[in-house]
1. Report the relative contact order of the chain, percent, no decimals, based on alpha-carbon pairs under 8 angstrom and at least 6 residues apart.
2. So for the chain, taking the charge dipole from beta-carbon charges (+1 Lys/Arg, -1 Asp/Glu), which of F313, G351, Q496 sits furthest toward the positive end?
3. Putting +1 on Lys and Arg Cβ atoms and -1 on Asp and Glu Cβ atoms, find which of A592, T436, V457 reaches farthest to the positive end of the dipole of the chain.
4. Per residue of region 371-381, what does 6.51 cos²θ - 1.76 cosθ + 1.60 with θ = phi - 60° give for ³J(HN,Hα)? Whole Hz please, x for Gly and Pro, Karplus curve as stated.
5. Normalise the Debye intensity by I(0) for region 469-584, one equal point scatterer per Cα, no solvent, then take log10 at q = 0.09, 0.10, 0.16, 0.19 Å⁻¹ and round to two decimals.
6. Work out the length of the dipole vector of the chain about its Cα centre, built from +1 on the beta-carbon of each Lys and Arg and -1 on the beta-carbon of each Asp and Glu, and round it to the nearest 20 debye.
7. How big is the dipole moment of region 341-400 about its Cα centre under a simple scheme where the beta carbon of each Lys and Arg is +1, that of each Asp and Glu is -1, and everything else is neutral? Debye, nearest 20, please.
8. Please compute the net charge surrounding M221, taking Lys and Arg as +1 and Asp and Glu as -1 over other residues with Cβ under 12 Å from its Cβ.
Amino acid sequence: MNTDIAKMRNIGISAHIDSGKTTLTERILFYCKKIHKIHEVHGKDGVGATMDTMELEKERGITIASAATNVIWNGHSINIIDTPGHVDFTIEVERSLRVLDGAILVLCSVGGVQSQSLTVDRQLKRYKIPCIAFINKCDRIGADPYKVKDQIVEKLGRNAVLMQIPVGLEDKHEGVVDLVSMKAFYFEGPEGQEVRISDIPEQLKAETVKKREEMLDAVSMFSDELLEAILEDKVTDELIYEAVRRGTISRKLTPVLMGSAYKNKGIQSLLDAIVRYLPNPSEVDNFALDLDKEAKKIKLVSAPDADCVALAFKLEEGQYGQLTYIRIYQGSIKKGDELYNTRSGKTFKVGRLIRMHADSMKDINEAVSGDIVALFGINCASGDTLVKPGLNYSMTSIYVPEPVISLAIAPVDKKSSDAMVKALQRFSKEDPTFRTYVDPESNQTIIQGMGELHLDVYIERMKSEYKAEVQTGMPQVAYREAISRRTEFDYTHKKQTGGAGQYGRVIGFIEPLAKGNYEFVNEIKGGRIPKEYVPSCNKGFQSAMEKGVLLGFPITGVKATLADGQYHPVDSSDIAFQTAAREAFKHAYIKASPQILEPIMKVSVDSPSEFTGNIFASINQRRGIIISSVEDGIFARVEAEVPLSEMFGYSTILRSLTQGKAEFTMEFLKYGKVPANISEELIAKHEEKRKKESSK
């Protein structure tokens with residue numbers, strides 16, 4: 001095992017759906033000799049991509065779950081996580097990026113920067129991850145890597161710099177010209193494994209000189225030595241590599257490479273760039289919070305001999321128990337070591353330490369700082385911090401978006417019922433964006449997720465993996481309720497029983513909150529409510545927000561201010577003030593002009609230009625607002641904001657409107673106010689449903 005941290009890289013491969021991420025990963029595995037044959041991503045050869053291990057992934061030709069592997073390239077150990085492109089599985093991208101040090105942003109040379117490219121870019125920036133851009137599919141009709149490079153600058157706001165130019169495009173794409181070495185690279189042999197280095201073709205010499213000057217001008221900003229060498233005409237390849245590396249690691253530069261993963265061109269050059277430009281674990285600042293010192297920020301050290309600190313970022317439940325993926329940030333882990341889970345407060349022994357390759361496991365005896373490995377058979381949750389006993393550190397948690405769609409499901413028989421329960425327990429533990437609960441009014445089992453495809457995949461998995469036959473209801477939108485004006489409250493909770501009674505009075509007001517879900521403000525003075533009961537009031541307000549009166553959905557966007565109150569030296573208690581605050585909120589909420597909010601989705605439709613008019617009309621019919629429309633004479637991309645409730649079944653309609661030639665993606669954007677007429681309909685339906693349930 002290579003324990004030299006300078007020769008270790010942790011990277012993710014992210015992009016818009018169908019940009020070629022999994023195809024690229026398959027080629028990387030092949031050229032690093034991790035696999036001995038390239039397989040078709042869409043499973044046409046009966047095998048499917050190595051990293052797509054689920055049957056559903058092979059059937060649909062998409063990545064659903066992120067998968068980890070480790071390869072060796074020129075003596076460097078590279079941990080790779082292949083992530084899904086579809087927004088419904090965005091949690092897989094979130095938790096992968098949380099533990100990575102660098103990334104490859106894959107872009108289609110025809111589609112360019114697409115809707116999910118923007119999402120992935122935001123995620124990369126959220127976790128401060130340096131990246132290399134790889135413009136894929138240079139062999140496709142309409143390929144234009146120069147246009148895509150400009151889009152990276154304009155749409156993503158990145159300082160994108162071409163490190164290569166193509167040798168031919170579309171069906172004439174042969175290879176790339178490297179602007180550092182000033183040589184042409186051709187990828188020959190039946191599977192592109194033979195790299196032939198040659199002089200630059202005559203017709204590309206002028207273009208190469210021009211692009212190299214642009215590259216040097218941009219890169220020299222990160223190295224005084226390179227700038228001096230340019231002025232003295234003493235530029236070396238090493239000086240350029242070092243300057244690009246500095247710019248990339250500082251996230252002020254994005255090197256751009258290109259090729260065609262499907263046609264086996266440019267992948268070896270990309271692997272060289274990963275090693276040259278992306279950081280090793282010691283070059284990335286990582287911090288933990290010391291829970292024994294009021295959550296003081298502690299910088300972690302990428303040293304194998306330091307006290308161990310690791311983060312559990314992904315769980316998989318299998319037939320032999322739980323598999324927990326971890327990233328080691330400090331120290332090392334050996335088989336038989338004891339680790340402490342700072343969330344649960346429990347210590348456990350490391351039984352099996354595993355290095356993953358897709359769904360296959362290799363037992364190892366030790367893993368060091370910077371490694372991404374897996375533990376087998378331990379009980380923990382996604383986001384738990386695992387440390388050497390004696391430490392009490394916590395890593396920052398993973399961002400988990402809220403579900404936007406729900407569905408009622410019911411088993412067809414007793415056998416399916418038992419299987420469904422097991423499946424739901426597993427899925428909700430593995431995926432924080434997949435949630436399930438039993439509706440107390442209807443007694444129905446409800447599942448929640450990020451979109452129709454998200455829930456559809458889990459229903460299919462219930463049937464295929466657990467043999468659970470289930471029936472589903474109509475998809476339901478995850479509405480929210482909110483107040484629209486400030487309202488004051490003055491409520492006294494007074495209850496006398498046989499012994500001590502309950503007493504609590506709360507005075508204050510609630511008002512709309514511009515940003516965020518909830519804010520509590522304490523303006524109590526002079527001990528009108530003792531300090532120990534103020535948190536009780538906060539709890540009471542929050543519990544009242546769990547269910548609104550209009551549709552029964554959670555209330556959001558409220559600022560609750562506690563201004564005054566009264567207590568009783570004997571009868572006041574935590575429960576009394578929780579109850580007082582809860583009831584005060586409910587009374588004020590009804591007077592605060594409550595309204596219904598609905599999820600608004602950002603919808604991106606790609607289709608041939610001839611169907612643009614049909615797409616405009618279909619979006620307008622769905623209460624959508626067109627944000628942008630871009631056409632190049634052949635293809636068009638329409639982006640719009642559309643309520644989620646209007647998007648159910650849109651894929652079928654879109655196929656009909658465009659003869660099956662268009663595709664769309666959507667992601668949650670914001671919550672917006674439901675129009676009055678629709679709001680009235682929703683409230684009437686909810687009331688009718690409530691009456692039916694109460695009469696049973």
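Rule-based calculations on the coordinates, nothing more; no lab input. Quick caveat: nothing in here was measured; it's all calculated off a predicted structure. Using ideal geometry, Cβ is built from the backbone for each residue, glycine included, and neighbour counts are taken over all protein chains shown.
1. This gives 9 percent for the chain.
2. Of the options given, the answer is Q496.
3. The Cα lying farthest towards the positive end belongs to A592.
4. Result, ordered by residue: 6, 10, 9, 9, 10, 10, x, 9, 10, 7, 10 Hz.
5. -0.30, -0.35, -0.73, -0.95
6. 2020
7. 200
8. So the surrounding residues net to 0.
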